[in-house]
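In what follows, a structure is listed as structure tokens, so that the remarks can point back to it.
Where a number appears in this text, it was derived from the coordinates with a stated rule and is not lab data. Being a predicted model, the structure only gives us computed values, none of them experimental. Neighbour counts run over all protein chains shown; Cβ positions are idealised from the backbone, glycine included.
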Amino acid sequence: MIDARQARAKAHNEASWMSGERKMSGERKSGVLITGGGSGIGLAMAAEFLKRGYDVAICGRDPERLAAAKGKHPGLRTMEADVARSEDHARLASWLAAELPHLSVLVNNAGIMHASDFRGSVGLGEIRSELDTNLLAPVALTAALLPMLVRNEKPTVVNVTSGLAFCPSAEFPVYCATKAALHSFTLSLRHQLTGRVRVVEIAPPIVATGLDKRSQARRPAEGSGPPVLSAETFASEAVQRFEQGEAEIVIGVANGLRQRGEALFADMNP
Ligand SMILES: NC(=O)c1ccc[n+]([C@@H]2O[C@H](COP(=O)([O-])OP(=O)(O)OC[C@H]3O[C@@H](n4cnc5c(N)ncnc54)[C@H](OP(=O)(O)O)[C@@H]3O)[C@@H](O)[C@H]2O)c1
């Protein structure tokens, strides 16, 4: 079920994306780059895109993680890169120009999450790494790769936010602020690039990944509390809805957060 706001965003985005059809040539599927594609949601989406015939590249910091992903999915192209470092954006852009010149979909997925308690001491390094990875990186990487995206058919930027973009969990104050900011950036980017580039937001619910093992371990037993999706179930729905042309792909319990926003704050933060 989509409400009027989502329907407007969908129509708006479809109109933008269709204009990319003018560049259609042949049957070649789009090239996709997924940041942080070596594990979790990124890897599951990479596998789903591969299954659907896309050419997929992933990047991440840990070479062993990338090698394991490639071992499991030999069709993947992999590159070691830290999206929080601007020099790696330039390296990524040159690598993509050689390796995946038909890149048309950038998926800004890499993210980290810290529990930060401002009643105690919170280090600047910890704050900065979250801001740099979750906010600066998708914004700067979008700017760096847009010139390449728009040379290809159906240029698309996908930002992975979170249900927590709409109502924070106070245990993760910086993380939630970065996701709220990325949601805001996505709205403005979509508006600016209307008719030229499709801009998509994917807001996941709780997905079983390595993002925050500590809080996952504390979660109530299966059957109670909010449902936790497997990365594969999540990715299958997300990529299917991506292909259907949706602009704002809000999945599972993230829908309640999208609709009710801060009205849920007290419930979420007893
Ligand atoms: N899991 C959830 O419940 C959930 C809910 C809402 C939103 N999300 C969002 O979904 C996205 C993916 O998270 P996940 O749950 O799949 O977590 P994950 O399993 O920890 O995956 C995050 C990936 O990002 C990579 N990464 C982190 N920092 C990076 C950097 N500076 N440069 C390049 N790659 C980097 C990591 O690889 P390396 O360590 O090798 O770099 C890892 O492969 C994140 O944006 C997260 O906020 C997740």
How big is the equivalent ellipsoid of the chain along its three axes, where each semi-axis is √(5λ) from the Cα gyration tensor, reported in whole Å from largest to smallest? 28, 22, 18
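Could you compute how fast region 145-195 diffuses translationally, taking Rh as the Kirkwood radius over C-alpha pairs and applying Stokes-Einstein at 20 °C with viscosity 1.002 mPa s? Give it in µm² per second. Walk me through the intermediate numbers first.
Values: Rh = 12.3 Å.
Taking Rh from Cα pairs, D becomes 174 µm²/s.
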In whole Hz, what ³J(HN,Hα) sequence does region 254-270 give by Karplus (6.51, -1.76, 1.60; θ = phi - 60°), x for Gly and Pro? 5, 4, x, 5, 5, 7, 9, x, 5, 4, 8, 4, 5, 5, 6, 10, x
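Quick check on the chain: helices-only [θ] at 222 nm, where DSSP H runs of length 4 and up contribute -39,500 (n - 2.57) each and the sum goes over total residues. Nearest 500, please. Spell out each step's value before the answer.
Working: 11 runs with 122 residues, N = 270.
Computed mean residue ellipticity for the chain: -13500 deg cm²/dmol.
Of the cross-linked pairs LYS29/LYS72; LYS70/LYS154; LYS154/LYS179, which ones have a Cα-Cα span greater than 23 Å in the structure shown?
LYS70/LYS154; LYS154/LYS179, as the Cα separations exceed 23 Å there.
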Cα centroid distance between region 38-79 and region 111-173, in Å? 20 Å
Simple label model, 7 Å out from Cα along Cβ direction - SER188 to GLU126, nm: 2.9 nm
Using only the alpha-carbon atoms, how far is helix 86-99 inclined from the longest principal axis of the chain? Give it as 0 to 90 degrees, nearest 10. 40 degrees
Longest principal axis of the chain (C-alpha) makes with the long axis of helix 231-243 (C-alpha) an angle, in degrees to the nearest 10, of 50 degrees
Compute the long axis of helix 137-149 from its Cα atoms, compare it with the longest principal axis of the Cα atoms of the chain, and write down the angle in degrees, 0 to 90, nearest 10. 10 degrees
